[in-house]
Amino acid sequence: MEKIKQIIKEYEEIPFEGLKRGYDKELYRLDSALTIIGPRRAGKTTYLREIITTLQPDHFLFLNFEDERILPIDDIDLFIEAFYELYHQKPHIFMDEVQNAENWHLKVRRLIDQQYKVFVTGSNANLLSSEIATHLAGRTFTKRILPFTFQEFLKLKQIPYNQDAIYGKERFLIKEGFREFLIYGGFPEVVKIKLKKDLLRQYFDIVFYKDLIVRYNIRQEMALRLLIQKLIENIGKNYNVTNLKNRISQILQISKQTVFDYLRFLEESFFVVHIQNYQKSFLQRETERKTYIIDNGFLNILSLEVEQTRLLENLVLLELLKRGKKIFYFKMKYACDFIIKTDQKITDVVQVCWELTDMNRDREINGLIEALNFLELSRGLILTNSQEETLELDRKTIEVKPAWKWLLEI
């Protein structure tokens, strides 16, 4: 018991260090747990510390289930008993990386039923989908934490980005930051240090081996690596799962079901994001998709070279995801990168292109206009590296805007 008390005290003494992501105190009013999900190293633990700093409880119980001292202790009541002996009060309970605890859902559900304030983090998307739906339905509110947005990146770098900065001399610092963000992404620790590629490789190895190979008992490691490589080569392009399977089978034998399984595992582990064609049938939506990587930094370390347009498109997709949008792509005669749904309504149509040139201008604009006509919308957006203009074509208004400016909106 004394050892447990020491662990409780130790975690209480860890200070909040990091960028505040915005904890809404209204969530505290809920008679349910708050479940925080997202990829590893995106800042979930820091967000727990932000909640503690915001609520300022006299004392709290913090359980990190990646701590080898805590994980073997199956009975959480031992910690609660030790807490009562220390402080003679009911604790707020913070459970970090809870998916590592055996029968975690039973523990959380019981604590909720006993009227404890419970805050949970996990790195497996199943905590949001099947497991929560099965075990914690109506007893938890989920919040997703992803790597930094560009605005958060600039805050951490202490680079101003108000209107004066955008049009003043500070814009050069903003654009320089944008180039770094485009290449190395938004994982908080990666933003802070110089050895960015080394740290990103460590992150990838943890996801690959711990969250994929071990968690899902994957035996075809090379097939999974090939699949990831093909997905990276396909960034920004729609593909058919059967064709993807055939391309991998030219090197290693793999079944179509295994490809489907691996794509699901990659999404559940927060490594990729799949989006579907807005206007195709259910069967086509399930077998045809576009796939993006959860952070641009991974693209940088896993490919010899990625086209700038692909990097930019991946970045825009992630920003839309961080803004809570439902995202589709559109393809008929032409293609449009993103159809955006907000509150059950299609609100925006976005095309991404590093630079509009004589070679690609008609293709990019035609894809946007085709989508606008299909959706009966009058305005569309083309995001570029640096170009800026407004076009009036076919009774449609098309705004061409630098992506870095768009990232600073809201």
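Key figures
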| read-out | value |
| --- | --- |
| Contacts under 8 angstrom Cβ, first residue in the stretch 197-217 being modelled with pLDDT of 95 or more, partner aliphatic (A, V, I, L, M) and loosely packed, with under 14 Cβ neighbours inside 10 Å, 6 or more apart | Leu199/Ile193 |
| Wholly within the stretch 84-201, helices (runs of 4 or more DSSP H) carrying at least 2 residues that are crowded, with 19+ Cβ neighbours inside 10 Å and in contact with a Phe, Trp or Tyr (Cβ under 7 Å, 6 or more places away or on another chain) | 150-157, 171-184, 188-192 |
| Residues located in the stretch 371-395, provided they are modelled with pLDDT of 95 or more and part of a strand (DSSP E or B) | Arg379, Gly380, Leu381, Ile382, Leu383, Thr384, Glu389, Thr390, Leu391, Glu392 |
| Condition met for Glu392 (farther than 28 Å from Ile174 by Cα, outside the structural domain of Val272 (by TED's automatic domain parsing) and surrounded by fewer than 16 Cβ atoms within 10 Å (Cβ to Cβ)) | yes |
| Matching option when the condition is farther than 18 Å from Gly186 by Cβ, assigned by TED's automatic domain parsing to the domain that holds Trp404, at pLDDT below 95 and not acidic (Asp, Glu), among Lys345, Lys280 | Lys345 |
| Any hit, the stretch 49-59, residues being more than 30 Å from Phe150 (Cβ to Cβ), among the hydroxyl-bearing types (Ser, Thr, Tyr) and modelled with pLDDT of 90 or more | no |
| Close pairs (6 angstrom Cβ cut-off, 6 or more residues apart or separate chains): assigned to a loop (DSSP other than H, G, I, E, B) in the stretch 13-28, of a type in the set (Ser, Thr, Tyr) anywhere | Phe16/Thr53; Gly18/Thr46; Arg21/Tyr47; Tyr23/Thr54 |
| Lone qualifier among Arg179, Arg171 - being on the phi < 0 side of the Ramachandran plot and modelled with pLDDT under 95 | Arg171 |
| Test: residue in the stretch 41-62 that is among the acidic types (Asp, Glu) and under 24 Å from Val191 (Cα atoms) | yes |
| Selection within the stretch 235-278 - surrounded by 18 or more Cβ atoms within 10 Å (Cβ to Cβ) and closer than 23 Å to Glu305 by Cβ | Ile235, Gly236, Leu244, Ile248, Leu266, Phe271, Val272, Val273 |
| Residue that is nearest to the chain's Cα centre (by Cα) [pool: residues in the stretch 298-347 that are surrounded by fewer than 18 Cβ atoms within 10 Å (Cβ to Cβ) and of a type in the set (Gly, Ala, Ser)] | Gly324 |
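The values are calculated or read from the model by the stated rules, or taken from the named source; none is laboratory data. In this text, all values refer to a predicted model and were calculated from it rather than measured experimentally. With ideal geometry, Cβ positions are generated from the backbone for all residues, glycine too; neighbour counts draw on all protein chains shown.
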